[in-house]
Structures are given as structure tokens and as C-alpha cells.
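Reading through the C-alpha cells given below for one structure.
The values are calculated or read from the model by the stated rules, or taken from the named source; none is laboratory data. The structure presented is a predicted model; accordingly, all values stated were derived computationally and were not measured. Heavy atoms of the whole protein, side chains included, go into the accessibility calculation; ligands, DNA and RNA do not. Shrake-Rupley method; radii C 1.70, N 1.55, O 1.52, S 1.80 Å.
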Amino acid sequence: MKFTEKEIEAMRKAALMEEHKSIRSEYVYIGDERLEFMEQDLFEPYVRIMLPKTFLKLPEAFAKKMYPSESRPEVIKTNPSMTVNFAFSYFDTGIKMDEVATCTNYYLATMRRMYPGNRYLENGERFMDEKRTRILGWYAFSNPTLDGHRYNIHAFTEIEGKLLFCIFNASKEKYEAWKPYALEVFDSARSGRKGGNI
């Protein structure tokens, strides 16, 4: 049985996608895009996280439009087309790991009250490590914008006794492809200091 060049290329890509399923792989396909992730400092020396090498700091003018509030996230990273965004805030608020789920539920309840027009999709907690000692609380929702709906994940965890707030947002199409990898990005958050939690 002979395969066309197009079929062979599709099989090759499927095999590569099967082999590279994690942001910790040499590279990973998300949708049709081949991405390499690397660990980066967010709030040196306190927080490090895995992000795509090609993601850049969102220019200030765009950050003000995307997050008009003065309490916008401190770090906003975006892909070159500005269609996929990660944002992070690291609060002085003291928190313990066993308080992460309660904190997440509080923020979700506040969001539901303040923004009833959003569509709330799902929420939960997950262990960030194999030892099952670090917890990530998260919820997903879509919100209406001028150019359609944006899909978002808000996530929370504790690093060095303080609250790390993580945001992911994208269009619906990109959200579907990115969701498992966005959660894996959040799972990769750790202390940047030697001997910090991994």
C-alpha cells in the first residue's frame, strides 16, 4: 500500500506529537505550532516557571488595554501574535499550601458575584508534584469581549509562603489546544532560590 507525500507527513507529525506531549520535552506541538519551553524567572529570586521561549513581555500600551485596572498583573507574557497570554501576580499575602483550595473557592465566588455575565466552565484542585505536597487551585471561564469570547484559566498556589496568582487566556480554538499545557505551565511554578520547593 502506497501513501501520498501528504499522508506520510501527517503520520510523521502524529508520531512526533505522540512522542512530545509535555512542556518538559525538547519541544511540543500545541495546535499546529511547535514550541520549546524553558524555565524563566518571573519574580527573581522567588518564582520560576516554564514558558515558551518565543513568548515576550506584553508591551505596556497593550497591557493597559487588556487589563485596564491599575491592579493589572505584574508580569504579562504573550506569543508574537498576542493571541495567547499568561499573566502572573505574586502577592505579599501570607498563605499556607492547605489554604490554596479555600482561597481559590473564595476568588471564584467573588468572580461569579462581580461578573455574572461570564460563563463559568469548570474548577478544581490538582497536585503539582509527584509527592502530592503542592496544590494548584484553578477555575476556567469565558467572558464576552468586543471581538468575541475569551477563554480564561485563573490558578492559585503558594510559593515561599506567599500567594502566586496565574492567568491564562486565549480564543476558544487556542484555549482547547492549550488548556492541558497551560495547567502544566502553572504546575511548573517553583521557588527560584536554591533549595526552594520544586
With every protein chain kept in place and a 1.4 Å probe, segment 21-61 has an accessible area per residue in Å² of 56 Å²
Proximal aspartates and glutamates to Lys172, defined as alpha-carbon separation beneath 17 angstrom and excluding residues fewer than eight positions away on the same chain: Asp32, Glu33, Glu122, Asp147
Quick check: from the Cα gyration tensor, does segment 129-198 come out rounded (a/c under 1.5), prolate or oblate? prolate
Return the label of the correct value of mean projected area of the Cα convex hull in nm², as calculated from the structure shown, out of (1) 10.9; (2) 11.7; (3) 13.5. (3)
When only C-alpha pairs under 8 Å and at least 6 residues apart count, what is the relative contact order of segment 105-156, in percent? 28 percent
Relative contact order for the chain: what is it in percent, counting Cα pairs under 8 Å that are at least 6 residues apart? 21 percent
Mind scanning Lys21/Lys53; Lys21/Lys96; Lys131/Lys179; Lys65/Lys174; Lys21/Lys131; Lys65/Lys179 and naming the pairs with a C-alpha gap bigger than 27 Å? Lys21/Lys96
Work out which helices of the chain, taken as complete DSSP H runs, extend at least 18 Å along their axis over the Cα atoms and score a mean Kyte-Doolittle of 1.6 or more, then list them. none
Amide proton proximity set for Tyr46, modelled H, under 5 Å, gap of 5+: Gly192
Among Thr83, Thr133, Thr145, whose mean-square fluctuation peaks in a Gaussian network model of the chain (Cα, cutoff 10 Å)? Thr145
Under the helix-only model (-39500 (n - 2.57) for each DSSP H run of 4 or more, divided by the residues of the chain), the mean residue ellipticity at 222 nm, to 500 deg cm²/dmol, is -8500 deg cm²/dmol
